[in-house]
1. Sort out which residues of the stretch 173-189 are touching a residue at least 60 places away in the same chain (Cβ under 8 Å), closer than 21 Å to residue 141 by Cα and out of contact with any helix residue (DSSP H, G or I) (no Cβ under 6 Å at 6 or more places or on another chain), and write them in order of number.
2. Looking at the stretch 102-121, which of its residues are at pLDDT below 85 and either surrounded by 15 or more Cβ atoms within 10 Å (Cβ to Cβ) or within 19 Å of residue 168 (Cα to Cα) (or both)?
3. State all residues of the stretch 66-76 that are surrounded by 24 or more Cβ atoms within 10 Å (Cβ to Cβ) and closer than 18 Å to residue 138 by Cα; if no residue qualifies, say none.
4. Looking only at residues that are within 22 Å of residue 174 (Cβ to Cβ) and exposed (fewer than 12 other Cβ atoms within 10 Å of the Cβ) in the stretch 14-42, which one is modelled with the lowest pLDDT?
5. Taking the stretch 25-62 only, how many residues are touching a helix residue (DSSP H, G or I) at 6+ places or on another chain (Cβ under 7 Å), over 27 Å from residue 129 (Cβ atoms) and in a helix (DSSP H, G or I)?
């Protein structure tokens, strides 16, 4: 992710890593990375970040969650640990955690992604590591961007792996682990378009 962000510094965006609660009011867009979603939620709660993150999303500021980040942005999650899973919410979807199994079951799959890939010769190399899957779309406002083309592992659920809802983006895979920056460019463009509509930018 750091390498990808450094590549983008030359096209104007400025990046901050490891945002504190008080800094959320000073940034225009947010990427919530992969990791372990339960642990991430606990750290966010204990550090006073969870409610500011929810407000950031409610204020319709562009936010992208990858893998565990997408789980946190979902309104509902299945296959959670005992005691449940705190969520930021915002994406009107239901996700299944660890849909494909453990770390050893990680895999790569070529995807067609709406608005990003243009043909069967132009697919995106998506890397899935203990990945979730989107088991249901709960609003017509959610656009499906990508699906798996074939069944892998326990995929009795939906094959949806990328969605957009307004200024929110969710991917079940890790685009930052590839040399393909098209999804990052898509998110930068999404952010620019969002503020060009007069939503208001932090200075």
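The values are calculated or read from the model by the stated rules, or taken from the named source; none is laboratory data. The structure presented is a predicted model; accordingly, all values stated were derived computationally and were not measured. Cβ atoms come from the backbone with ideal geometry, glycine included; neighbour counts cover every protein chain shown.
1. 186, 187, 188 - these are the residues of the stretch 173-189 that are touching a residue at least 60 places away in the same chain (Cβ under 8 Å), closer than 21 Å to residue 141 by Cα and out of contact with any helix residue (DSSP H, G or I) (no Cβ under 6 Å at 6 or more places or on another chain).
2. Result: 105, single match.
3. Listed by number, the residues that qualify are 70, 71, 72, 73, 74.
4. Selected residue: 18.
5. Counting residues in the stretch 25-62 that are touching a helix residue (DSSP H, G or I) at 6+ places or on another chain (Cβ under 7 Å), over 27 Å from residue 129 (Cβ atoms) and in a helix (DSSP H, G or I) gives 1.
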